[in-house]
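See structure below.
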Amino acid sequence: MSDQLVIAGRAFKSRLIVGTGKYRSFQEMARAHAASGADMVTVAVRRVNLTDKSKESLLDYIDREKIFILPNTAACYSAEEAIRTARLGREVGLSHWVKLEVIGDQQTLFPDTEQLIEATRVLVKEGFVVLPYTNDDLIVARKLVDAGAAAVMPLAAPIGSGLGIQNPANLRILRERITEVPLIVDAGVGTASDAASAMELGADGLLMNTAIAEAEDSVLMAEAMRDATIAGRKAFLAGRMPKRLYASASSPLSGVVR
C-alpha cells in the first residue's frame, strides 16, 4: 500500500492503468476492470457518448467513485485536433487530465512527436495534467518533461500489436535519465510476461487495453496482468542477482569440513 503510483500529486493504489475499447460487451469490460485492480481507466473522448443521455454509454459501466477516468485523444492527427478534443473532455466533465495522443502515421499509429510536444505545451498552460503517449526516444521524452508533462508514456511496441518490449535498452535509458516524472509503458504489451518485464526494467506503471480486451478470457487475463505488474515491480525493487557465464553452487563449499 505504501508503494503507490503518484502522478501530479495524486496517488493510485494500482500501477496498472487499463482501457475501455475492444471488449465484447460493456459488462465484460466492467468485470475485467474489477479483476485488474486498476483504479484508473482511459476513455477515448471521441468514441464515447457524451451528450445523448437516453443511449447506453460505457461511462455507465465505470464506478467513478472507485475509478479515476483518464480521457484520451485517440484518433487525433494534429496538435490542434488533440487540443480541441482534450478541451471537450474537460468541458463535459470527464477530467482536466488527459492521455495525450497525436498520431503521425495511420498504419503504425506512431506518434507525431513534434505535434505532441506542441500540444503538451499548450494544454499544460491551460491547466491540464498531461500524460503524453510517445515513442521510446530520450530526446523527445526530455522535451515533453520540459514542456510540463506530468508523466512520460513510451511505447513498448506499436499500439495493439501485442509484440511485447521491442527495445528494452531504450526503456532502460529512459528509466535512468527521466527521473522527474513517472515513466509509464504504454502500448505493445501482449501477455503477463511482457508486463512483468516492463516493470522489472523500472517502469513506474503500465497502460494496456488490447492485451486484456482481445484475450480469450478477458477477466482472467486482467487478473494475470494485475499479478504480473505487482510481481515485476517487486522484482525491480528487490534487485535481481547478477548474471554469470558459469555456474555458482547454491550450497557453497567454503567453510565445509572435509
- prompt: Residues in the range 123-134: is at least one buried (at least 17 other Cβ atoms within 10 Å of the Cβ) and basic (K, R)?
  reply: no
query: What residue, among those in the range 175-191 that are open to solvent by 40 Å² or more (accessible area, probe 1.4 Å) and acidic (D, E), is nearest to M40 (Cα to Cα)?
result: E180
- line: Pairing a residue in the range 137-158 that is over 13 Å from L100 (Cβ atoms) with any residue that is among the small types (G, A, S) and assigned to a loop (DSSP other than H, G, I, E, B), where Cβ atoms lie under 6 Å and the two sit 6 or more apart in sequence or on different chains, gives L155/A187; L155/G188; A156/G188; A157/G188
query: Does the range 166-174 contain at least one residue that is open to solvent by less than 10 Å² (accessible area, probe 1.4 Å) and within 22 Å of Y77 (Cβ to Cβ)?
result: no
message: When you check D194 against the structure, is it crowded, with 18+ Cβ neighbours inside 10 Å and at pLDDT 95 or above, yes or no?
response: yes
field: the range 103-118, subset closer than 18 Å to A187 by Cβ and among the aliphatic types (A, V, I, L, M), residue most open to solvent (accessible area, probe 1.4 Å)
entry: L109
Residue check, L100 surrounded by 20 or more Cβ atoms within 10 Å (Cβ to Cβ) and touching a residue at least 12 places away in the same chain (Cβ under 8 Å): yes
- prompt: Can you find a residue in the range 191-213 that is free of Cβ contacts under 8 Å to residues at least 12 places away in the same chain, within 18 Å of the chain's Cα centre (by Cα) and either within 25 Å of Q4 (Cβ to Cβ) or in a loop (DSSP other than H, G, I, E, B) (or both)?
  reply: no
- prompt: Across the range 138-190, which residue is farthest from A203 (Cα to Cα) among those that are assigned to a loop (DSSP other than H, G, I, E, B) and β-branched (V, I, T)?
  reply: I159
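Condition check ((1) open to solvent by less than 20 Å² (accessible area, probe 1.4 Å); (2) modelled with pLDDT of 95 or more) across all residues:
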| site | (1), (2) |
| --- | --- |
| L16 | yes, yes |
| Q27 | no, yes |
| D39 | no, yes |
| V45 | yes, no |
| L50 | no, no |
| D63 | no, no |
| T73 | yes, yes |
| S78 | no, yes |
field: Filter result for K99 (in a strand (DSSP E or B), modelled with pLDDT of 95 or more and out of contact with any Lys or Arg (no Cβ under 8 Å at 6 or more places or on another chain))
entry: yes
field: Leading residue by the ranking (most open to solvent (accessible area, probe 1.4 Å)) among those in the range 231-251 that are in contact (Cβ under 8 Å) with a residue 12 or more places away in the chain and either of a type in the set (D, E) or not in a loop (DSSP other than H, G, I, E, B) (or both)
entry: L237
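The values are calculated or read from the model by the stated rules, or taken from the named source; none is laboratory data. Note that the structure is predicted; figures quoted are calculated from it, not measured. Cβ sites come from the backbone with ideal geometry, for glycine too, and all protein chains shown count toward neighbours. Ligands, DNA and RNA are excluded from the accessible area calculation, which covers all protein heavy atoms including side chains. Shrake-Rupley method; radii C 1.70, N 1.55, O 1.52, S 1.80 Å.
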